[in-house]
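**Student:** Mind having a look at this structure? Questions to follow.
Quick note: the coordinates plus some simple rules give every number you see, no bench work behind them. Owing to the predicted nature of the structure, the values given are computational and were not obtained by experimental measurement. In this analysis, Cβ positions are derived from the backbone assuming ideal geometry, glycine residues included, and neighbour counts consider all displayed protein chains.
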Amino acid sequence: MSQDACLCEANLENADLRDARLEGANFRDANLERVQFERANLTNACFDHANLERATFHEANLYRVKGLTMPAPETPQE
């Protein structure tokens, strides 16, 4: 894939993007469920509002990535 690719709203469910060069890629509103990003270069990529359920990023370069947030921990019910 080329750098600065616009993949907004793309459905990439189950895609194998291991070792991909995705610098500056825009994944805004994309379905990235179960995508494998292992060792991918994602410098300056944007994941705003993307579905990242079960996506994997082992050893990926996440320098200056936007839109990757950790879900808030669940509060125990009393």
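**Student:** Taking a temperature of 37 °C and a viscosity of 0.692 mPa s, what whole-number D in µm²/s does Stokes-Einstein yield for the chain with Rh from Kirkwood over alpha carbon pairs?
**Tutor:** D, rounded to a whole number, is 261 µm²/s.
**Student:** Which residues does a label at Asn11 reach in region 50-71, if reach means a backbone N under 19 Å from a point 7 Å past the Cα toward the Cβ?
**Tutor:** 50-55
**Student:** Nearest 0.05, what FRET efficiency do Asp48 and Gln77 give at R0 = 25 Å with Cβ-Cβ as r?
**Tutor:** The pair Asp48/Gln77 has a calculated efficiency of 0.20.
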